[in-house]
Amino acid sequence: MTTGPQGFDLGRLLAERGAERYELHTRHLNHQLPRMLRTIGFDRVYERAEGAYFWDEDGNDYLDMLAGFGVMGLGRHHPVVRKALHDVLDASLADLTRFDCQPLPGLLAERLLAHSPHLDRVFFGNSGTEAVETALKFARYATGRPRILYCAHAFHGLTTGSLSVNGEDGFRDGFAPLLPDTAIPLGDLDALERELRRGDVAGFVVEPIQGKGVHEAPPGFLRAAQELLRRHKALLIADEVQTGLGRTGDFYAYQHEEGVEPDLVCVAKALSGGYVPVGATLGKDWIFRRVYSSMDRVLVHSASFGSNAQAMAAGLAVLAVMEDEGTVAHARATGDLLRTRLAALVDRYELLHEVRGRGLMIGIEFGRPDSIKLRGRWTMLQAARKGLFAQMVVVPLLQKHRILTQVSGDHLEVIKLIPPLTIGEREVDRFVTAFTAVMDDAHGGGGGLMWDFGKTLVKQAVANR
Ligand SMILES: Cc1ncc(COP(=O)(O)O)c(C=O)c1O
């Protein structure tokens with residue numbers, strides 16, 4: 001170890017022990033991560049990153065179409081956000097005294113609330129799941145009712161409260177008992193009303209576009225749901241942890257539909273430029289006044305690191321950059337271009353079924369081909385495990401074309417693209433060219449290797465049963 005009398009030297013530590021990264025992870029952290037990365041050949045060593053790219057130890061560049069699960073909305077190391085963090089450290093602020101009012105949280109709340117004028121107050125926490133937990137607690141307390149409704153296939157985080165509104169058994173299994181909340185199909189107003197009529201519902205939490213599979217509620221659903229909720233005195237909670245801050249081409253995805261004014265909005269991920277964990281729950285004045293109804297209750301919901309100066313400074317810098325650079329409009333235009341170019345390939349490739357989404361949140365769905373030769377291969381994969389074909393596409397995108405993407409959830413034949421919102425035509429070109437080459441391989445020509453890899457995936461899926 002390099003601590004002790006020699007002091008702490010980050011550069012030296014990384015130089016001396018950086019090469020042990022996979023071994024250390026295997027020994028001390030979640031050992032399945034390095035195992036999975038090795039299995040699919042993703043066990044690279046990335047040394048440096050900037051914007052929408054990172055570089056491996058040999059200096060090869062990789063295009064990032066994942067943005068750290070969406071936290072790198074402005075790409076990595078945006079100079080303005082980076083400077084704000086240097087500045088806030090150099091300012092030696094009296095942060096987190098806990099018995100004063102610092103300026104940065106108020107300023108960030110003011111700036112954030114300007115994007116949803118019908119909301120009045122903000123609670124700052126440290127992550128997306130904490131933003132959701134806050135909304136669930138506030139909805140319960142403000143309405144005096146226990147039950148939260150959520151959508152099938154929803155993802156709202158993995159702490160116990162958020163897990164209670166998770167729409168996938170794979171995440172929930174083995175963690176019961178969870179909170180007694182109830183799932184409805186996305187877009188099903190009858191199911192929503194049926195549950196609301198029972199009179200015990202505090203709120204309905206919904207991702208305007210679901211992260212899993214990139215599914216959007218049908219047009220008009222959010223407005224109609226809001227009306228039903230208001231009639232039954234329950235709250236609409238928009239989870240914008242992934243879709244917010246320009247991701248879908250509007251500042252918030254709920255704003256795509258006119259007249260939607262959620263009672264609570266959850267924000268996190270991109271808010272601090274990918275540097276500092278942060279979460280924010282925005283809400284109406286009456287909800288906050290009910291939760292914090294007396295001086296005795298001042299700490300009834302709080303977080304030790306909430307509102308910390310680094311997160312607040314980064315958040316202020318991110319919102320300033322977004323305004324200065326027109327990030328939301330840019331994401332919409334670039335997203336339209338990428339989606340249009342990908343959608344044009346649907347007729348060319350029988351395995352490619354749909355391209356959907358909004359802004360720079362794009363789902364590419366694969367499905368059963370028509371030709372006999374491909375159908376046999378497809379059926380072999382499906383029999384072993386759903387989602388293997390999407391994995392077969394993600395792997396050569398990284399290995400051959402150095403583009404990082406992900407399968408959009410377990411057992412799904414969908415790839416999700418959530419690149420930094422700063423990408424432009426160059427990145428769109430690079431992705432479409434690479435994706436076209438991978439589709440060419442999958443549909444014939446030089447695709448032998450790709451389908452051989454599919455067979456390996458099948459063997460592993462069968463062995464894992
Ligand atoms: C819609 C949504 N809500 C909540 C979360 C949880 O956020 P975090 O991972 O910061 O806890 C996520 C994370 O992917 C998300 O996509």
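Reducing the stretch 123-185 and the stretch 194-208 to their Cα centroids gives an inter-centroid distance of 12 Å. For the stretch 316-391 and the stretch 4-80, what is the centre-to-centre distance using only Cα atoms, to the nearest Å? Comparing the Cα centres of the stretch 316-391 and the stretch 4-80, I get a distance of 26 Å. Listed from fewest to most Cβ neighbours within 10 Å, the set Ile184, Ile148 follows the order Ile184, Ile148.
log10 I(q)/I(0), Debye, Cα-only the stretch 36-195, no solvent, q = 0.17 Å⁻¹? Reported log10 I(q)/I(0), two decimals: -1.21.
Kirkwood Rh over alpha-carbon pairs of the stretch 93-161, then Stokes-Einstein at 10 °C and 1.306 mPa s: what D in µm² s⁻¹, rounded to an integer?
Values: Rh = 14.5 Å.
Taking Rh from Cα pairs, D becomes 109 µm²/s.
Once every Cα of the chain carries one equal point scatterer and solvent is ignored, give the base-10 log of I(q)/I(0) from the Debye formula at q = 0.11, 0.13, 0.14 Å⁻¹, two decimals. Values, matching the q order: -0.97, -1.32, -1.46.
Once a ≥ b ≥ c are taken as the square roots of the eigenvalues of the Cα gyration tensor of the stretch 255-294, is the result rounded (a/c under 1.5), prolate (a/b larger than b/c) or oblate (a/b not larger than b/c)? Intermediate values should be presented prior to the final figure.
Details: a/c = 5.26, a/b = 1.22, b/c = 4.30.
Verdict is oblate for the stretch 255-294.
DSSP beta bridges fully contained in the chain are about 65 percent antiparallel.
About its Cα centre, the chain has a charge dipole of approximately 1120 debye under the convention of +1 per Lys or Arg Cβ and -1 per Asp or Glu Cβ, with nothing else charged. By the compact-protein rule of thumb, 2.2 N^0.38 Å, the alpha-carbon radius of gyration of the stretch 79-325 corresponds to a ratio of 0.99. Here each label is just a point 7 Å from Cα along the line to Cβ, and for Lys459 and Arg82 those points are 4.4 nm apart. Principal axis analysis of the Cα atoms in the stretch 198-342 yields extents of 55, 41, 25 Å, listed in decreasing size. Projecting the Cα atoms of Gly326, Gly203, Thr182 onto the dipole axis of the chain, where Lys and Arg carry +1 and Asp and Glu carry -1 at the beta carbon, places Thr182 farthest toward the positive end. The residues Thr405, Thr159, Thr143, when put in order of fewest to most other Cβ atoms within 10 Å, stand as Thr159, Thr143, Thr405.
No value in this document is a laboratory result; all are computed from the given coordinates. Note that this is a predicted model, so its numbers are computed, not measured. Heads up, the Cβs are rebuilt from the backbone with ideal geometry, glycines too, and the neighbour counts pull from every protein chain shown.
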